[in-house]
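The values are calculated or read from the model by the stated rules, or taken from the named source; none is laboratory data. What you are looking at is a predicted structure, and each value in this text was computed from that prediction instead of being measured. Cβ: placed from backbone, ideal geometry, glycine included. Neighbour counts: every protein chain shown. To get the accessible areas, we keep the full protein, side chains included, count just its heavy atoms, and leave off ligands, DNA and RNA. Shrake-Rupley method; radii C 1.70, N 1.55, O 1.52, S 1.80 Å.
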Amino acid sequence: MTIDDGLVTWPEDLAYAYRTAECWRGRPLGDFLWEWADRWGEQVAVVDGDRRLTYRELAELADSLAEHLSEYGLRRGHRVLLQLPNCWELVVVTLACFRLGVAPVMMLPQHREHELSAIAAHVGVRALIVPDRWRDYDHQALAYRVAAGLPGPTPVFVFGDGTRAPGVDGRALLRADCDVEARRRRLDALAPAGDDVALFLLSGGTTAVPKVIARTHNDYEYNIRRCADVCRLGRDTVYLAVLPVGHNFPLANPGVLGTLYSGGRAVLLPSPRPGPAFAAVEAERVTTTSLVPAVAITWTVAATDCGRDLSSLRQVHVGGAMFAPELAAALGPALGCEVQQVYGMAEGLVCYTPVGAPPEIAYRTQGRPLSPFDELLVVEPGTERPVAAGTIGELLTRGPYTPRGYYRAPEQNAVSYTAAGWYRTGDLVRLTDGGDVVVCGRIKELINRAGEKISAGEIETLAQELPEIAEAAAVAMPDPAVGERLCLFVQLHPGRGLTLRRLAAALTARGLAAFKVPERLVVLDELPHTPVGKPDKKALRLMLMPRVDR
Ligand code: OOB
């Protein structure tokens, strides 16, 4: 295992095996841009409202931006914080970064100062890329505050109509004002290597410190290629992105990048609300989309008598959180298409139920790994001892697109990865005789709110910094609509009081993203503890269960 600048790489013998088997092809992701343009030039690649970009326009815009970014000093090996909502510019910026070998850190538009500042400092970013405003929030102002806290001058590139100084107007960098072929060759000469980091994904996280995953061009390209293949994407695929594209799932599994890889068309919407989404399905003849269970449930209900023609839909991919078999069985008939379940993670491993799988697999399992080189080991939780075949245990995994450690996090890696390089998913699974994964629960301490992962540790640390709180424990509270919500149990300092509203205001003032703010507060005289002195979360979870009165 080599460690270079905090990057944990695969052992040499395995890297050799992955190359020989052509999992890793040594091709940076930016390399595909012109291959696509040469093959499918006049075909529409990206749709965002009225804006329709052909493959050729996409390549030209990405090259234009790449060259301008390089004029601002950005080059291979640098990192930038990328926070854009689902819009055509997000696709252009991502591809421009790939082209230059500048690795974007994929943030969500919902993130605020708490998340942006910590991640920017941890990764060491050279620039920030943000919208001017989004959903009534001033992202420019946010970016300037974050940039001011970073060492060295950090340019802020702004996409939108209202760029203010000192921001750089991103759209002004998207001009096709030069010899396209010469620029293409200039940029080809700057291309990164397959082993370089292509992008950083945020981990669902269970700790207070930020955890990011560095994905290489080699590993991510293989992930995208296998996913597009397993989901049978092609030139006739029209993919609708309604989940935030900063997430691995709608970005690359197969998502937007898998669609472009296959010569299809990616349609971007800023939210998964059924009304606009169904209208887009009808207008664009959408064939494929990906949903988290919370959204799938809403769509199942909303599809009845929606007044839209959804007949173009062929497949819906559902993953990111537990999806009950009955709900999976109801979704397909409601939308008139096939359901493929997906169990994946930003850390790597992705499993899919196959196209055309019978109901007992499609509805009752979360699929099988994308690659024959994926290794799965089910162990007694917290150990490396395998459980008996077919019984429940913690899933460990290794493989050609599962990096061997978090970026710059040796202490965390000692916990999350075994010495033999297995990633401890923290998920409880069972493997069927046919090799399909059934997700049964988890041991990691997070709250999975509509597919968004909230680290219990992160919220507890922040809450304990408040003057009222002596001790805090964040627990997942089951919820029919979003799966889980965050309930914070607290013990207060003597003489102090706290309401949910004041807690929410205090955490928001500290720059915490809204989706992570606790939705219930329970004040106890004292938190129950385990024998080792940690809050007893099992006991706390029991307190949230509905009481059966005799
Ligand atoms: C996806 O990625 P992340 O990184 O946001 O979250 C990963 C975690 C998993 O470890 C597991 O706890 C949970 O999300 N999860 C599921 C699941 N899919 C993910 N839990 C139950 N059933 C499922 N089908 O969530 C992600 C990344 C790529 C593709 C799809 C999902």
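For the stretch 193-264 and the stretch 91-153, what is the separation of their Cα centres, given in Å?
Centre-to-centre distance over Cα atoms comes out at 19 Å.
Kindly state, to the nearest 0.05, the FRET efficiency for residue 279 paired with residue 327, given R0 = 25 Å and r defined as their beta-carbon distance.
With R0 = 25 Å, the Cβ-Cβ based efficiency is 0.55.
For residue 389 and residue 510 in the same chain, what is the full-extension length gain: residue separation times 0.36 nm, less their Cα-Cα distance, in nm?
38.8 nm
Greater than 18 Å separation of Cα atoms is the criterion. Which listed pairs, 211/516; 516/538; 453/516; 444/534; 444/538, meet it?
516/538
Rounded, prolate or oblate: pick one for the chain, where a ≥ b ≥ c are the square roots of the eigenvalues of its C-alpha gyration tensor, a/c under 1.5 means rounded, and failing that, prolate if a/b is larger than b/c, else oblate.
It comes out rounded by the Cα gyration axes.
Points 7 angstrom from Cα along the Cβ direction at residue 305 and residue 502: gap in nanometres?
It is 4.7 nm.
³J(HN,Hα) across the stretch 375-380 via Karplus (A = 6.51, B = -1.76, C = 1.60, θ = phi - 60°), whole Hz, x for Gly/Pro?
Those phi angles translate into 10, 10, 9, 9, 10, 5 Hz.
Apply the Karplus curve 6.51 cos²θ - 1.76 cosθ + 1.60, θ = phi - 60°, to the phi angles in the stretch 27-35 and return the couplings in whole Hz, x for Gly and Pro.
Couplings: 10, x, 4, x, 4, 7, 3, 7, 4 Hz.
Taking a spot 7 Å from the Cα of residue 72 along the direction of its beta carbon, which residues of the stretch 154-182 have an amide N less than 18 Å from it?
It comes to 154-177, nothing else.
Write down the accessible area per residue of the stretch 476-550 in Å², having rolled a 1.4 Å probe over the full set of protein chains.
Per residue, the stretch 476-550 has an accessible area of 65 Å².
By how many nm would the segment from residue 145 to residue 375 grow when fully extended, if each residue of separation counts as 0.36 nm and the alpha-carbon distance is taken off?
Contour length minus Cα-Cα distance gives 78.5 nm.
With both bridge residues required to lie in the stretch 271-442, what share of the DSSP beta bridges run antiparallel, to the nearest 5%?
Percent antiparallel among DSSP bridges in the stretch 271-442 is about 70.
For residue 542 and residue 465, FRET efficiency with R0 = 25 Å and r from the beta-carbon atoms, rounded to 0.05?
The calculated FRET efficiency here is 0.35.
For the stretch 270-309, just say rounded, prolate or oblate: build the C-alpha gyration tensor, square-root its eigenvalues into a ≥ b ≥ c, call rounded for a/c under 1.5, and beyond that prolate if a/b exceeds b/c, oblate if not.
Cα axes put the stretch 270-309 in the oblate bin.
Quick one: Karplus J couplings for the stretch 292-304, per residue in order, coefficients 6.51, -1.76, 1.60, θ = phi - 60°, nearest Hz, x for Gly and Pro?
8, x, 4, 6, 4, 5, 4, 5, 4, 6, 6, 5, 5
So for each of 278-290, 516-528 I average, over its residues, the number of other beta carbons within 10 Å; can you give me the resulting order with the highest mean first?
278-290, 516-528
Nearest 5 percent is fine: what portion of the DSSP beta bridges confined to the chain is antiparallel?
Beta bridges within the chain, antiparallel portion: roughly 60 percent.
First compute the accessible area of the chain with a 1.4 Å probe, then give the percent of it belonging to carbon and sulfur atoms.
Roughly 53 percent, rounded to a whole number.
5 Å is the cut-off here: which amide hydrogens, built 1.01 Å from N in the peptide plane, fall below it relative to residue 442, excluding neighbours closer than 5 in sequence?
Amide H neighbours of residue 442, under 5 Å, 5+ apart: 428.
Classify the stretch 450-544 from the C-alpha gyration tensor, please: rounded if a/c falls under 1.5, else prolate or oblate depending on whether a/b exceeds b/c.
Here the stretch 450-544 falls in the oblate category.
Over the Cα atoms of the stretch 98-256, what radius of gyration and what Dmax do you get, in Å?
Taking only Cα atoms of the stretch 98-256, I get Rg and Dmax of 17.3, 49 Å.
Excluding residue 403 itself, what net charge comes from residues whose Cβ is under 9 Å from its Cβ, given Lys and Arg +1 and Asp and Glu -1?
Every neighbour counted, the sum reads 0.
Over the chain, calculate the relative contact order: mean separation of alpha carbon pairs under 8 Å at least 6 apart, over the residue count, as a percent.
Over the chain, the number comes to 12 percent.
List the residues, sorted by chain then number, that are 5 or more residues from residue 7 or on another chain and whose placed amide H is less than 5 Å from its amide H.
408
Given only helices, namely DSSP H runs of n ≥ 4 each adding -39500 (n - 2.57), what is the per-residue ellipticity at 222 nm of the chain, to the nearest 500 deg cm²/dmol?
Result for the chain: -9000 deg cm²/dmol, rounded to the nearest 500.
How large is the dipole of the chain about the Cα centre if only Lys and Arg carry +1 and Asp and Glu carry -1, each at its Cβ, rounded to the nearest 20 debye?
In total the dipole reaches around 540 debye.
So who's got an amide H within less than 5 Å of the one on residue 86, skipping anything under 5 residues away but keeping other chains? H placed 1.01 Å off N, in plane.
Long-range HN contacts for residue 86: 245.
With viscosity set to 1.567 mPa s and temperature to 4 °C, compute the Stokes-Einstein D of the stretch 148-226, Rh being the Kirkwood radius across alpha carbon pairs; µm²/s, no decimals.
The estimated diffusion coefficient comes to 78 µm²/s.
Taking the Cα-to-Cβ direction at residue 136 and at residue 16 and moving 7 Å from each Cα, how far apart do the two end points lie in nm?
My value for the distance between the label points is 6.1 nm.
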